[in-house]
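Below you'll find the structure, written out as structure tokens, and then a few comments.
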Amino acid sequence: MVADRRSGVLVRRTVRSSVGGPHAPLLASSPMDDRTAQFRRDAWRDLDTGWIITVELMSAVAVWMGIGWLLDRWVGTDPWLMVAGAALGFVLGMYLAWKRSSEASAAEEAKFAQR
């Protein structure tokens, strides 16, 4: 926003790139170099890996807790098999998280070893 000197009113002016002419996008940036593009791909891949680990852990606990609940209803040992199922799900979920993170670490080490 720029104040007009004559009237004192704030006027919104758009700044266009001189390189692309009048039809260039506002605030045009320089094209991304390969390092920036690779950094963004790596960041999104790492974020995906984090979400996968989180969902695997939560789903393992939920599935095994549900199996324990069903067995409790069938056998008649009300909370105990559900608690055991939740504990087993947590242990298995942590194993899956450890396995996934060690795979990601090995991939990172291999990538840096190539450089």
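What does the extension gain come out to for SER105 and ALA37, with contour length at 0.36 nm per residue minus their alpha carbon separation? Intermediate results must be reported in sequence, preceding the final value.
Details: separation 68, 0.36 × 68 = 24.48 nm, distance 2.09 nm.
Extending this stretch completely gives an extra 22.4 nm.
Kirkwood Rh over Cα pairs of segment 49-115 into Stokes-Einstein at 20 °C, 1.002 mPa s: D in µm²/s?
Values: Rh = 13.2 Å.
Approximately 163 µm²/s, per Stokes-Einstein.
Show me, for segment 67-77, the HN-Hα J-couplings you get by feeding each phi into the Karplus relation (A = 6.51, B = -1.76, C = 1.60, θ = phi - 60°), rounded to Hz, glycine and proline as x.
4, x, 5, 5, 5, 4, 5, 6, 8, x, 9
Beta carbons within 10 angstrom, averaged per residue: use that to sort the peptides 94-103, 80-89, 52-61, highest first.
By packing density, highest mean first, the sequence is 80-89, 52-61, 94-103.
The numbers here are math on the coordinates, done by the rules we state, and not lab data. What you see is a predicted model, and the numbers here were worked out from it, not measured in a lab. Heads up, the Cβs are rebuilt from the backbone with ideal geometry, glycines too, and the neighbour counts pull from every protein chain shown.
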